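Trainee: Here you go, one structure.
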C-alpha cells in the first residue's frame, strides 16, 4: 500500500500539507501503530490518543531546534513516527531496536529521556532556562497527561515556572486516564472544565453585548481582560493554573488538527508560561482500545481483528499470586489495607479493590505520598501493604528511609517487577532495589524463588514482622507449583537445596532455579556444588552461608540486581567481618543500565541463566583452565 508519508521529509513537510492531507497522515500513523504493536506488543492506547496533537505540534514548531518533551514516553509513538523513525518502527521494543520511550541517543528530536511520569514540565523548564542563559531563541513545549498531574513533581514544576514567569508552553493532554482511570481532586477539577460550557458561552455573550455599545464597544473589550478573567473564576471553580502563574487556554478538541494549530499559534503570541488544555480520547481510532484503554495501555501481541492477546493460555504470574494471597490474608485480618500508585491492575490489586473498597487506596502517581501514608497507617495501628514496581519505588527512597524505617513501622512493600523487566528497557528495569533497600536499618528483604515461597513470605510479613518488610519478585509467570497451605517462613533463614563439597552457589530470588539447573550440569562434569536458596537478603543467614563456604572453599553468588551494593556485596561483607578469605565470584548485573529486549534475552546477556551460572562455576572451579591445557 502506498502511504502519503512515503513521499514526505518528516517532520518538515507537514507544514506544507493542508488539513485534509494531515488527516490522511493521521490515519496512516494509526494504522501503522496498531499493526506494529499487534506484532510486537507495546503501549498503544496513549499514543493513539495523541496522533493529531503530535501532527499539530510538528506543524507549528521546528524540531529539533524547538524542544518537545513528551511525558510520559507511552504517548510518544506518533512523535517517533513523525521524526525520521518510520522505517525503524517495526523494531519497536525489540532488542537493538527502537526504545518505547523518548531517548536522546536514539534521535535528536528527543531532547530529554522521559521513562517515568510527571517529569516533563521540570525538564522543559530546565531546557527553557538553559536557552535563556545562553541567549538562544527557540520554543520549549512539555506534553503532559492529566494522569501525570497526580504526581507531585508536576506541581512543583508548575509552581516554579509560574513564579519565575518562564517562557514555555505546557500541553495538558487530558484523556481522563493514566494507566487506569485517574483519581483525585485534579481529575475531578479537569472534568468540570471539560464538561461545563458555561464559561465559553458567557464569554462570547459578554463580548457580543459589549461590542454593541456605540463608539467605545471595542475599546471596552480590549480593556476588560481582568473582567473576563474574573468570569473564569465565577464559572470554573479554582482556575488553579492561572493562580500558579500560567495563562490558561482551552479546552480544545485534541482530535481537530486545525483547532490545535490555531490555539498553539495563540499560545506562541503570549509571553510567560502558557498551559494549553487539549481533550483527547485514549485509544482513539481502534475500537477495542477505545472500549478498553486500560487493557491497551500496555499489551503484548494481539489479533488485529478482535483485539484479543495472542497468548492462548495466560499463565499465572507472581503478581497474581501476590494479589490472591493478600485477599486471603485480608479476609482474616480487618487491619490489612492496600495502597497502590495508579497501578491497581498492574500490581495485582484489582480483585482486592473490589472486595475491600474501604481498605484500598489508589493515591495516583504519587509514590512518595503513598509510602508516607502507609507509614502513618501503620503508626495508627493498621497493617498496610504498598504494592509498587521496583523502578517506581526508587522515587520514594527518602520516605522509605525517613518515614518508615527510621520509625521501624510494619509496612509491607510488595516490590513487583524486580530484576529484569524486558521490553520497557533502562527506565523500568528493577535492578537497584536490593542495593537501595539493603543499606537502610530495620528493613527486612525477602526474595522468593517460586510462587509457593512468595505466598509463605507474604504470610510471614504480616504474622512475624515487627518492622518494615520488602518482598521483591519478578515480572514473570510462575513455575506452576501447586500452592500449599501457607507456612510461616523462618525469619532470616536460608535453605540448602543441593549438597556438595566442591563449590557453594548462593542465590536469591528466581535465579535460584537457574542455579539448581547449573548445579545438575556441574554434577555431570564431576563437580559437586551446594546450592543455597538465601530467601532473605537482609538479614542473611550468616551461620548457614559461612559454614558451607568453609566446607566448599569457593563461593559463587547469583542475584538479579546490580552488583554494586547488592546481594553478593552483602556476602562479601560478612566474610570480611568474620575474616574469611576464600575465592568469591559474584554474578549479577554490571555497573550499567540494561537496554530493552525480552526478559529471557536480557537474563542470558547478563550471564544469569543456567549456562551463564554454569560457565561462571566452571571458571571458579578452575576446571576450564585445566581442560584447556590438556
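The values are calculated or read from the model by the stated rules, or taken from the named source; none is laboratory data. Just so it is clear, the structure is predicted and the values come from calculations on it, not from any experiment. No Cβ is skipped: glycine too gets one built from the backbone with ideal geometry, and neighbour counts run over all protein chains shown.
Trainee: Failed condition for residue 525, given (1) at positive phi; (2) modelled with pLDDT under 95, with all others met?
Mentor: For residue 525, the exception is condition (1).
Trainee: Taking segment 124-156, which residues are under 23 Å from residue 58 (Cβ atoms) and in a loop (DSSP other than H, G, I, E, B)?
Mentor: Residues satisfying the conditions are 136, 137, 138, 139, 146.
Trainee: Any idea which residue in segment 293-317 is farthest from the chain's Cα centre (by Cα), counting only those that are outside any loop (DSSP other than H, G, I, E, B) and surrounded by fewer than 19 Cβ atoms within 10 Å (Cβ to Cβ)? Lay out the reasoning, then the answer.
Mentor: Initially, segment 293-317 is screened for residues outside any loop (DSSP other than H, G, I, E, B), giving 299, 302, 309, 317.
Filter again for surrounded by fewer than 19 Cβ atoms within 10 Å (Cβ to Cβ), leaving 309, 317.
On the way: 309: 22, 317: 18 Å.
Selected residue: 309.
Trainee: Okay, moving on. When you go through 270, 234, 215, 310 one by one, which is the residue that is at pLDDT 90 or above and either out of contact with any helix residue (DSSP H, G or I) (no Cβ under 7 Å at 6 or more places or on another chain) or assigned by TED's automatic domain parsing to the domain that holds residue 47 (or both)? Let's see the steps before the verdict.
Mentor: On the way: 234 fails: at pLDDT 90 or above; 215 fails: at pLDDT 90 or above; 310 fails: at pLDDT 90 or above.
On inspection, the qualifying residue turns out to be 270.
Trainee: Would you check if residue 329 is in contact with a helix residue (DSSP H, G or I) (Cβ under 9 Å, 6 or more places away or on another chain) and outside any helix (DSSP H, G or I)?
Mentor: Details: in contact with a helix residue (DSSP H, G or I) (Cβ under 9 Å, 6 or more places away or on another chain): yes; outside any helix (DSSP H, G or I): no.
Against the criterion (in contact with a helix residue (DSSP H, G or I) (Cβ under 9 Å, 6 or more places away or on another chain) and outside any helix (DSSP H, G or I)), residue 329 does not qualify.
Trainee: State yes or no: is residue 75 within 23 Å of the chain's Cα centre (by Cα) and crowded, with 19+ Cβ neighbours inside 10 Å?
Mentor: yes
Trainee: Yes or no: segment 472-490 includes at least one residue that is in contact with a strand residue (DSSP E or B) (Cβ under 6 Å, 6 or more places away or on another chain) and over 30 Å from residue 74 (Cβ atoms).
Mentor: No - not one qualifying residue is present in segment 472-490.
Trainee: Got a sec? Which of 40, 16 is without any contact (Cβ under 8 Å) to a residue 40 or more places away in the chain and farther than 25 Å from residue 176 by Cα?
Mentor: Values: 40 fails: without any contact (Cβ under 8 Å) to a residue 40 or more places away in the chain.
Going through 40, 16 in turn, the sole match is 16.
Yes/no per residue for (1) more than 17 Å from residue 363 (Cα to Cα); (2) buried (at least 24 other Cβ atoms within 10 Å of the Cβ); (3) touching a residue at least 12 places away in the same chain (Cβ under 8 Å):
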| site | (1), (2), (3) |
| --- | --- |
| 394 | no, no, yes |
| 399 | no, no, yes |
| 430 | yes, yes, yes |
| 443 | yes, no, yes |
| 447 | yes, yes, yes |
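Trainee: In segment 540-560, what count of residues is obtained for those that are in contact with a strand residue (DSSP E or B) (Cβ under 7 Å, 6 or more places away or on another chain) and either closer than 17 Å to residue 622 by Cβ or surrounded by fewer than 24 Cβ atoms within 10 Å (Cβ to Cβ) (or both)?
Mentor: Start the filter on segment 540-560 by keeping residues that are in contact with a strand residue (DSSP E or B) (Cβ under 7 Å, 6 or more places away or on another chain), which leaves 544-545, 548-549, 552, 554-560.
Now drop any that are not either closer than 17 Å to residue 622 by Cβ or surrounded by fewer than 24 Cβ atoms within 10 Å (Cβ to Cβ) (or both), which leaves 544-545, 548-549, 552, 554-556.
Of the residues in that region, 8 qualify.
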